[in-house]
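**Q** Pasting a structure here, questions to come.
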Amino acid sequence: MLRCPVEGERQDGGFLRIKRLYLKNFRNYSEADINFAYNTSLIYGDNAQGKTNIIEALFMTSTGKSHRTNNINELIKHGENHFRVLLEFEANGYSQNIDIKYIKGKRKELFINGVKKERISEMLGVVPSVLFSPESILYVKGAPGERRRILDIVLCQIKKEYLINLQRYNRIIKNKNIVLKQIQTGKNEKVQLDIWDEELSMAGIKIVKERQLLIEELESRMNNIMKGISDDKERITIKYKTFKELDKIQVDYKDLLETIKNNREKEIEIGSSIYGPHRDDMEILLNGKSARMYCSQGQQRSIALSLCIAIMGIMEDKIGKKTLLLLDDVMSELDEKRQNFLLELIGNRQTVITTTEKTKYNALLQNNISYIKVCDGKIIEVST
Ligand code: ATP
Ligand code: MG
């Protein structure tokens, strides 16, 4: 459907619109073909029917990965041996597509506009998306890994070099751990660690610096957003916890290298690398107190919401396009004030919302909305 651009909408690279999602043997879908509305698509249906599975497929077309599992085989429909996720979208004035194919036991294949891509990094930033779901609360109260994950998801989408360096870093850690274990059993020499520590420090410090910058930006944006959703009495600070106390001015790879070298015996004893950004965390504080430990569930949810909105703003500024907003089952968890705040913020961003009830949200009345009903892995009704 064609529609006049709304005020403020960019007509250059700022324009992104997903149009159609085709699924084959993905989760509980044998085959599905879903057309999205210009503004808001509301996917509704009972529990366990396949709503989040659609969100998961969309998230994959933007990040190359599921938000729920690292095991790609789980995504194949039970009893089958392959899946396909194809997204058609419009960007920069052109119809484009991203096609992900996976056959059990083989490498995942990625095509952009029909051209096979060797690296997942090539798809990042093409269809940028932000996901807010009930699990987003884990960014506040979950384990450190959850927070590293979200920082990495954002940085990978806005900076290809970050992803490439992160992949390199992960390979270094793997190799260094092998050497540490070999030294433990007398099969290798300590001096072999020199090269790995050097490499690890160089790749590691780039990660630390980027995460540190992102955290500073998140902190200031989240405070502005919190003013809209709380009564302006709550102040967020975020502390980046890495291998040493960071003063904001400088951190050098030599600092990391020195820390690792000083703890060499400890690492050998444990048989794994314990210093570096794979162990980092960010601590979110509300009015100076740990949000993870002291905030109520509602406060934690507000912080998670403000984090997701802050991420959306940062990605849009860096990539220069509006992100796709994915709201999985979150509306019922928010009180009316926060619901309206969120929906008004949607503005002219394309949004996919899932809920168990077909609901007409007042704040969205101006929008072009389609209602998509899913039942047992099938799209059974589409209405506007
Ligand atoms: P809720 O409202 O509870 O969040 P939902 O509609 O979001 O539900 P989904 O998480 O999208 O539900 O889908 C869950 C369904 O998909 C479950 O019935 C689950 O058994 C099924 N499912 C998950 N993975 C597969 C798979 N690989 N093959 C077949 N079915 C699967
Ligand atoms: Mg769900």
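The values are calculated or read from the model by the stated rules, or taken from the named source; none is laboratory data. This is a predicted model, so every value here is computed, not measured. With ideal geometry, Cβ positions are generated from the backbone for all residues, glycine too; neighbour counts draw on all protein chains shown. Side chains are part of the model used for accessible areas, which takes the heavy atoms of the whole protein and leaves out ligands, DNA and RNA. Shrake-Rupley method; radii C 1.70, N 1.55, O 1.52, S 1.80 Å.
**Q** Just grab the label-to-label distance for residue 263 and residue 244, each label 7 Å out from Cα along the Cβ direction, in nm (one decimal).
**A** Once both label points are built, they end up 1.3 nm from each other.
**Q** Would you mind telling me which residue in 311, 270, 55 has the biggest mean-square fluctuation in a Gaussian network model of the chain, where springs connect alpha carbons within a distance under 10 angstrom?
**A** Looking only at 311, 270, 55, the biggest GNM fluctuation is shown by 270.
**Q** Which of these, 328, 194, 99, has the largest mean-square fluctuation under a Gaussian network model of the chain (Cα springs below 10 Å)?
**A** Per the Cα network of the chain with a 10 Å cutoff, 194 tops the list.
**Q** Then there is this: Say a paramagnetic label sat at a point 7 Å from the Cα of residue 359, along Cα to Cβ; which residues of segment 293-332 have their backbone N under 19 Å from it?
**A** 297-306, 308-309, 325-332
**Q** Same structure, new question: So what's the Cα pair-distance distribution over segment 134-259, bin width 5 Å, in %?
**A** With a bin width of 5 Å, the distribution comes to 2, 9, 15, 17, 19, 14, 9, 6, 4, 2, 2, 1, 0.
**Q** Something else: Not counting ligands, DNA or RNA, and with a 1.4 Å probe, what is residue 185's accessible surface area in Å² rounded to the nearest 10?
**A** 90 Å²
**Q** For the cross-link pairs 117/209; 104/174; 187/261; 65/181; 19/337, which exceed 26 Å when the distance is taken from alpha carbon to alpha carbon?
**A** 117/209; 65/181; 19/337
**Q** Report, to the nearest 10°, how far helix 253-262 tilts away from the longest principal axis of the Cα atoms in the chain, using its own Cα long axis and a range of 0 to 90°.
**A** 50 degrees
**Q** If I ignore ligands, DNA and RNA and count only protein heavy atoms, how much of residue 254 is accessible to a 1.4 Å probe, in Å² to the nearest 10?
**A** About 120 Å², rounded to the nearest 10.
**Q** Another question about this same structure. Find the Cα radius of gyration of segment 272-361, compare it with 2.2 N^0.38 Å by division, and give the number to two decimals. All intermediate terms of the calculation are to be shown ahead of the outcome.
**A** On the way: Rg = 16.3 Å, N = 90, 2.2 N^0.38 = 12.2 Å.
Taking N as the residue count of segment 272-361, the ratio is 1.34.
**Q** Over the alpha-carbon set of the chain, work out the extent along each principal axis and list the three values in angstrom, largest first.
**A** Taking max minus min along each principal axis of the Cα atoms, the chain gives 67, 53, 39 Å.
**Q** Nearest 20 debye, what's the magnitude of the dipole of the chain about its Cα centre given +1 on Lys and Arg Cβ and -1 on Asp and Glu Cβ?
**A** In debye, rounded to 20, the chain gives about 780.
**Q** While we're here: Any chance you could run the full-extension gain for residue 368 through residue 70? It's 0.36 nm times the residue separation minus the Cα-Cα distance, nm to one decimal.
**A** 103.8 nm
**Q** Now for a separate question. With a 1.4 Å probe and all protein chains kept in place, how do 361, 253 rank by accessible area, largest first?
**A** 253, 361
**Q** Rounded to the nearest 0.05, what FRET efficiency do residue 117 and residue 184 give with R0 = 30 Å and r taken as the Cβ-Cβ distance? Could you check? Can you show the working numbers first?
**A** On the way: r = 40 Å, r/R0 = 1.34.
Given R0 = 30 Å and the Cβ-Cβ separation, E is 0.15.
**Q** Moving to a separate point now. How far is helix 144-158 tilted off the main Cα axis of the chain, in degrees rounded to 10, range 0 to 90?
**A** It is inclined by approximately 70 degrees.
**Q** Determine the per residue accessible area of segment 136-320 with all protein chains present and a 1.4 angstrom probe, expressed in square angstrom.
**A** 49 Å²
**Q** In whole percent, how big is the carbon plus sulfur part of the accessible area of segment 84-225, probe 1.4 Å, protein atoms only? It would help to have the intermediate numbers written out before the result.
**A** Working: 3380 of 6720 Å².
Accessible surface attributable to carbon and sulfur in segment 84-225 totals 50 percent.
**Q** To the nearest 10 square angstrom, what accessible area does residue 82 show with a 1.4 Å probe?
**A** Probe radius 1.4 Å; accessible area of residue 82 about 60 Å².
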